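Have a look at the structure below before the remarks.
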Amino acid sequence: MSKFLGIEFGSTRIKAVVIDRKGKPLASGGYDWENRFENGVWTYHTQDVWRGLQKSVSALAEDYYSKYGTPLPKISGLGISAMMHGYLVLDKNNVQLAKFRTWRSTITEEAASLLTKAFKFNIPQRWSIAHLYRAIQGKEAHVRDIGF
């Protein structure tokens, strides 16, 4: 029977769940984490992402074993979701260019206001476009290398 793994990088917790073909949850695991305020922005460290992923999947495997008495089987598919707001920029080789700026980083008030006026559409401070526009306005060095 096919099993599918879902990972969600939430703002306060990383969650892992394995489901069957019909979408029934079979086991789950999680890892609580908290962003940090550093140099004026709220961020997560890359090593925290990897640690949290490992811990949540390990907890999932333990939960699966405790329920079914067998190790977690081969996974047929994977889905990943993450926070919908923030600023994560990579170069063309997928190298992170700047610290991830979470939805809590409210440093984009001017950029969001200018974009809201230009588009005649509300652009909240937490949206990626507001962070990008602020980085462009501030002539941040990484902007020239953005690939994604």
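The values are calculated or read from the model by the stated rules, or taken from the named source; none is laboratory data. Computed from a predicted structure; not experimentally measured. In this analysis, Cβ positions are derived from the backbone assuming ideal geometry, glycine residues included, and neighbour counts consider all displayed protein chains.
Taking the criterion of being in contact (Cβ under 8 Å) with a residue 12 or more places away in the chain, exposed (fewer than 11 other Cβ atoms within 10 Å of the Cβ) and of a type outside the set (S, T, N, Q), the only residue of the stretch 85-98 that qualifies is K92. When the stretch 99-140 is filtered for residues that are out of contact with any Leu (no Cβ under 9 Å at 6 or more places or on another chain) and without any contact (Cβ under 8 Å) to a residue 12 or more places away in the chain, the ones remaining, listed by number, are S113, T116, K117, A118, F119, K120, N122, I136, G138, K139.
Pairs linking a residue in the stretch 66-78 that is among the small types (G, A, S) to a residue that is modelled with pLDDT under 95, with Cβ atoms under 6 Å and 6 or more positions apart or on different chains, are S76/S2. For Y65, the stated conditions hold: it is at pLDDT 95 or above, surrounded by 11 or more Cβ atoms within 10 Å (Cβ to Cβ) and out of contact with any strand residue (DSSP E or B) (no Cβ under 8 Å at 6 or more places or on another chain). Of all residues in the stretch 122-138, which are of a type in the set (G, A, S) and either assigned to a helix (DSSP H, G or I) or farther than 20 Å from T43 by Cβ (or both)? S128, A130, A135, listed by residue number. Residue count for the stretch 16-33 under the criterion of being assigned to a strand (DSSP E or B), touching a helix residue (DSSP H, G or I) at 6+ places or on another chain (Cβ under 7 Å) and over 12 Å from D63 (Cβ atoms): the result is 1.
Going through S28, S2, S76, S81 one at a time, which residue ends up being at pLDDT 90 or above, surrounded by fewer than 18 Cβ atoms within 10 Å (Cβ to Cβ) and either under 13 Å from the mean Cα position of the chain (by Cα) or in the same structural domain as Q125 (by TED's automatic domain parsing) (or both)? Going through S28, S2, S76, S81 in turn, the sole match is S81. Taken over the stretch 72-121, the residue count meeting the criterion of being in contact with a strand residue (DSSP E or B) (Cβ under 7 Å, 6 or more places away or on another chain) and not in a loop (DSSP other than H, G, I, E, B) is 12.
Looking only at residues in the stretch 34-61 that are within 12 Å of the chain's Cα centre (by Cα) and in a loop (DSSP other than H, G, I, E, B), the one that is surrounded by the fewest Cβ atoms within 10 Å (Cβ to Cβ) is H45.
Could you please find all residues in the stretch 125-148 being in contact with a His (Cβ under 8 Å, 6 or more places away or on another chain) and at pLDDT below 95? R126, W127, S128, listed by residue number.
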